Amino acid sequence: MQRVTITLDDDLLADIDRLVETRGYQGRSEAIRDLARAGLAETALEEGEAGNCVAALVYVYDHAARELSKRLTNAFHDHHELSLTTLHVHLDHGSCMEVSVLKGDGDAVRKMAERVIAERGVRHGRAVIIPVGDDDSGAGHEHGHHHHHHRDKP
């Protein structure tokens with residue numbers, strides 16, 4: 001850990017303090033560290049330097065868009081190596097929500113997510129992409145997390 005001094009304007013500091021308050025951070029430092037990590041991860045993704053990542057792709061679509069589920073199915077079949085599982089939920093009059101868990105090369109995952117979100121008939125689409133690094137051995141993760149690696153491809 002190193003201590004650094006940063007200069008923030010009042011508005012930004014007020015926003016950070018609000019975040020500390022609402023999310024229950026221990027203090028400003030912890031909040032700023034989290035924001036910095038998130039910003040760096042996002043930048044790495046935008047620059048295509050993500051390496052491996054996992055993603056939750058969430059989208060809502062109309063059941064009535066008959067061809068859509070076929071097109072979505074094709075999209076997932078074309079990239080079956082990226083897609084781990086999909087959860088399908090019926091919402092109301094003909095709208096469905098799906099949550100797909102993707103895993104693989106950051107660039108490929110992002111393209112896949114964009115392809116699904118861009119489909120006609122998909123109303124709300126959003127991808128949460130989380131870099132996992134290229135080390136898949138689980139080394140350095142010795143803090144009580146259970147890692148389930150689904151390596152068996154269909």
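Every number in this text was worked out from the coordinates using simple rules, so none of it is lab data. From a predicted model like this one, the values you see are computed outputs, not experimental measurements. Here the Cβ positions follow ideal geometry from the backbone for every residue, glycine too, while neighbour counts run over all protein chains shown.
Dimensions of segment 1-108 from C-alpha coordinates, computed as largest minus smallest value along each principal axis and given longest first, are 56, 34, 21 Å. Annotation: extensible slack from E67 through L12 equals 15.1 nm (criterion: 0.36 nm per residue apart, minus Cα-Cα distance). For segment 52-131, averaging the sequence separation of C-alpha pairs within contact (under 8 Å, six or more residues apart) and dividing by the residue count gives a relative contact order of 51 percent. If you take all other residues with their beta carbon under 11 Å from the beta carbon of L19, and give Lys and Arg +1 and Asp and Glu -1, the sum is -2. Other residues lying with their Cβ under 12 Å from the Cβ of I32 contribute a combined charge of -1, Lys and Arg counting +1, Asp and Glu -1.
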